[in-house]
1. Of everything in the stretch 117-170 that's among the acidic types (Asp, Glu) and over 16 Å from the mean Cα position of the chain (by Cα), which residue is modelled with the highest pLDDT?
2. Looking only at the stretch 4-11, decide whether some residue is more than 29 Å from Thr164 (Cα to Cα) and of a type in the set (Lys, Arg).
3. Please go through the stretch 72-111 and give me each residue that is modelled with pLDDT of 95 or more and of a type in the set (Lys, Arg), ordered by number.
4. Looking only at the stretch 119-132, count how many residues are exposed (fewer than 14 other Cβ atoms within 10 Å of the Cβ) and either β-branched (Val, Ile, Thr) or at positive phi (or both).
5. So, in the stretch 1-56, of the ones that are closer than 17 Å to Phe130 by Cβ and small (Gly, Ala, Ser), which residue ends up surrounded by the fewest Cβ atoms within 10 Å (Cβ to Cβ)?
6. Please determine, by comparing only the residues of the stretch 36-66 that are assigned to a loop (DSSP other than H, G, I, E, B) and touching a helix residue (DSSP H, G or I) at 6+ places or on another chain (Cβ under 7 Å), which one is nearest to Val121 (Cα to Cα).
7. Using beta carbons and a limit of 8 Å, which pairs, at least six apart or on different chains, have the first residue in the stretch 79-93 and in contact (Cβ under 8 Å) with a residue 60 or more places away in the chain and closer than 14 Å to Leu11 by Cβ and the second one surrounded by 10 or more Cβ atoms within 10 Å (Cβ to Cβ) and basic (Lys, Arg)?
Amino acid sequence: MKIDKAKTKPLILTGIVIIADQITKAFIASNWPIDHRNPIVDVFNNGFLQIFHVRNKALAFSLGENLPEPVKPVLFVVLPLIVLAVLVWYYFRSDEFTNLQRWAVAGILGGGIGNLIDRIVRRDEGVVDFISVKMPEWFVWDRWPTFNVADSAVVVCCLLLFFTIIFIRNKPENEKLKGNTE
């Protein structure tokens, strides 16, 4: 079986995201007590970017927090594991992704795996979240829900993937279109 460098190279980002996520979570978890009211650090001394140590025992934005305990492992571990496995399968089987889209998918995989590790290893304590950003006055919330490196990678890379799918055409499609116009 031939290894396709174009498909494997972006997986470097997957590894970087997982490592950065786990190192930052381990640092926060081992150095500061859990406290959602008092920031550990106010990065710019103006309240815009603060570091807290909180735990999320649910999904993004605390979705599913009140679900029955027997349901949580299925929704929080098994389902994401299936989604990640399907994404990896499609990533390697498909030739439809552009290079930029492959890097975006690799970032999504890294973030998904990073949070999945927490859900398995820290299942009783919850996923470590620590980054808090103040929102503009016109926004619904005063602060964005606290997040981590994995969450950041998933959100940024999902947005990147979405916009590239909407606005950037795949090379093979462009070449096909060129061939039809001549």
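1. Applying the filter and picking the extreme gives Glu125.
2. No, the stretch 4-11 contains no residue that is more than 29 Å from Thr164 (Cα to Cα) and of a type in the set (Lys, Arg).
3. Correct list: Arg102 only.
4. Residues meeting the conditions: 2.
5. Only one residue fits best here, namely Ser30.
6. Leu59
7. Tyr91/Lys7; Tyr91/Arg102; Phe92/Lys7
Yes or no, residue by residue, for (1) over 24 Å from Arg123 (Cβ atoms); (2) of a type in the set (A, V, I, L, M); (3) out of contact with any His (no Cβ under 7 Å at 6 or more places or on another chain); (4) not in a helix (DSSP H, G or I):
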site: Lys7; (1), (2), (3), (4): yes, no, yes, no
site: Ile18; (1), (2), (3), (4): no, yes, yes, no
site: Ile23; (1), (2), (3), (4): no, yes, yes, no
site: Phe27; (1), (2), (3), (4): no, no, yes, no
site: Ser30; (1), (2), (3), (4): no, no, yes, no
site: Pro33; (1), (2), (3), (4): no, no, no, yes
site: Glu69; (1), (2), (3), (4): no, no, yes, yes
site: Tyr90; (1), (2), (3), (4): yes, no, yes, no
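The values are calculated or read from the model by the stated rules, or taken from the named source; none is laboratory data. Note that this is a predicted model, so its numbers are computed, not measured. As a convention, Cβ positions derive from the backbone with ideal geometry for all residues, glycine included, and neighbour counts pool all protein chains shown.
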